[in-house]
Every structure is written in C-alpha cells, then in structure tokens.
Amino acid sequence: MYKILIADDEEGVVSLLKDYLELNQYETLLAYDGPEAVIQSKLNPDLILLDINMPGMDGLSVCRQIRDYVNCPIIFLTARIEDADKIKGFAAGGDDYIVKPFSVDELGARIAAHIRREHRIARQGNVRYFGKLAIDYTAMTVAVDGSGIDFPKKEFEILELLSIHAGQVFDKERIYELVWGYDAQGDSGVVAEHVRRIRSRLRAVEEEYHLETVWGLGYRWVG
C-alpha cells in the first residue's frame, strides 16, 4: 500500500483528500502546518501533497528543507497561478502542482502517474561507474569510493539524464522538458541553478569534471 502525506492547514481539504485516498487504497499521513509536515516527511511517504500557504513554515520552505533526504514526488496544492510562483515551486524541489479548487479525480490521476513513473525508474535501475563515481539508478544514490553523496530528487534526475546519455549535449530547454515534463508551466532557467548545485556537490569530492558546460550549447556528462 502506497503512503501519501497530506500537508494542508485547511481541515476540510485534508479530510476530503484523506477519505478519497483511503477509498482508493492509499495509506495517509496528515500534517496541518509546516513544522509537522517536516516531521511526517521522515516516515518515508511515497508521495507528498504540500500546500504552499501553511502556518509555521510555508510549503516552499518545507520542500527546500526536506529535499535533502526525501526523494519521493512532491505535488504542491496552491491557489496561486502566477508563473513566478510555479518557478519558485520547481526550484524548491517540487515535481508538480495543482490549483485549488481542484478535482479529486484529476489529483488522483496525477498521484497515480507520479507513482507509476517512480516504479518504472526502479524497475529499470542499474549501477554505472564513472571512475571512482558510482550511480545507482534503482536506489537513486551516488557514491565515490563507497561514500554516499546526497542529491535531492530533481538534481538526481538531471544527473541521471546526463550520465545515461554520456557525451551527449543537452541544452537547458531540453533538460527542463525531460525532467520537469513537456506540460510543465515554468522556466528552463531553473536548470542552471540545479546544475550549479550538482557541480558543487561533485566538487566537494573532486568529481566535478564529469559535468561539463559546453558554452552556448548546454551541458554534457563525461566519463
């Protein structure tokens, strides 16, 4: 049974989603503010529904904080529809968003699609080695000489895309389409910030040379 964390300060929304998800054979975890969402996220949910406007800590701050250890998909629940808010959500580590008021059937379809995608990745997974660097695509882990490096989900997905297609140049727009989705409502400029963070993590273990910038074209992975 898949486990879904519902984090929203509106009790009516939480109750509606809880009933709908449990009727569809999901287990639910509940949080009514930001700090509680952080605590509940440590219980290994398979997906998180995260309201942006919550007391104590807003959803964007929660997402940024938990992305260091949470790899599951995060769907923002929001009344905001401005492009700037969407960009902030994706940059914080979110995978999708749905605007209130929403159809529970549409939300259910999105939840199922994200979970199916996660399990396709798990089934396809294997380990590849690039010198001292090992990438386990099943476990979504990266290690150098056996010591793990923590990558938040979106950073790992970019690393996965580039390393699987080592030597191939991807521009920011293509990376954005493949990682965030063709129908994502955001800005490919967020890719550069994620690449900067990836490179910083690799630099800390002297492996940044794998991620090359091809000026004027994009990025590529070298072995």
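The values are calculated or read from the model by the stated rules, or taken from the named source; none is laboratory data. Just so it is clear, the model here is predicted, and its values are computed rather than measured. Neighbour counts run over all protein chains shown; Cβ positions are idealised from the backbone, glycine included. Surface accessibility is based on the protein's heavy atoms, side chains included, excluding ligands, DNA and RNA. Shrake-Rupley method; radii C 1.70, N 1.55, O 1.52, S 1.80 Å.
Among the conditions (1) more than 12 Å from the chain's Cα centre (by Cα); (2) touching a residue at least 60 places away in the same chain (Cβ under 8 Å); (3) within 30 Å of residue 136 (Cβ to Cβ), the only one that residue 41 does not satisfy is (2). Taking residue 75 as the residue in question, decide whether it is outside any helix (DSSP H, G or I) and open to solvent by less than 50 Å² (accessible area, probe 1.4 Å). Yes. With respect to the stated conditions, residue 117 is open to solvent by 20 Å² or more (accessible area, probe 1.4 Å) and modelled with pLDDT under 85. When residue 59 is tested against (1) in contact with an Asp or Glu (Cβ under 7 Å, 6 or more places away or on another chain); (2) open to solvent by 40 Å² or more (accessible area, probe 1.4 Å); (3) not acidic (Asp, Glu), only condition (2) is not met.
I need the full set of residues from region 1-37 which are among the acidic types (Asp, Glu) and part of a loop (DSSP other than H, G, I, E, B), in order please. Break it down into steps so the answer makes sense when it comes.
So the first thing to find is which residues in region 1-37 are among the acidic types (Asp, Glu), and the list is 8-11, 19, 22, 27, 33, 36.
If the condition is that a residue be among the acidic types (Asp, Glu) and part of a loop (DSSP other than H, G, I, E, B), then 8, 9, 10, 33 are the ones that fit.
Per-residue answers, yes or no, for (1) surrounded by 16 or more Cβ atoms within 10 Å (Cβ to Cβ); (2) in contact with a Ser or Thr (Cβ under 7 Å, 6 or more places away or on another chain); (3) modelled with pLDDT of 90 or more:
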position: 145; (1), (2), (3): no, no, no
position: 157; (1), (2), (3): yes, no, yes
position: 193; (1), (2), (3): no, no, yes
position: 199; (1), (2), (3): yes, no, yes
position: 211; (1), (2), (3): yes, no, yes
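In the set (1) in a helix (DSSP H, G or I); (2) at pLDDT 95 or above; (3) not acidic (Asp, Glu), the condition left unmet by residue 63 is number (2). The residues of region 137-171 that are under 17 Å from the mean Cα position of the chain (by Cα) and charged (D, E, K, R), listed by number, are 150, 153, 154, 155, 157, 160.
Taking the criterion of being aliphatic (A, V, I, L, M), in contact with a helix residue (DSSP H, G or I) (Cβ under 6 Å, 6 or more places away or on another chain) and closer than 17 Å to residue 117 by Cβ, would at least one residue in region 81-97 satisfy it? No, region 81-97 contains no residue that is aliphatic (A, V, I, L, M), in contact with a helix residue (DSSP H, G or I) (Cβ under 6 Å, 6 or more places away or on another chain) and closer than 17 Å to residue 117 by Cβ. Being farther than 26 Å from residue 27 by Cβ and among the acidic types (Asp, Glu) holds for only one residue in 96, 85, 105, and it is 85.
Remark: pairs (first residue in region 134-153, over 21 Å from residue 94 (Cβ atoms); second residue open to solvent by less than 20 Å² (accessible area, probe 1.4 Å) and of a type in the set (Phe, Trp, Tyr); Cβ separation under 7 Å; 6+ apart in sequence or on different chains) = 142/151.
For region 98-116, how many residues are free of Cβ contacts under 8 Å to residues at least 40 places away in the same chain and within 17 Å of the chain's Cα centre (by Cα)? It would help to see each step written out before you state the result.
Start the filter on region 98-116 by keeping residues that are free of Cβ contacts under 8 Å to residues at least 40 places away in the same chain, which leaves 98-99, 101-103, 105-106, 109-110, 112-113, 116.
Those left that are additionally within 17 Å of the chain's Cα centre (by Cα): 98, 110, 112-113, 116.
Result for region 98-116: 5.
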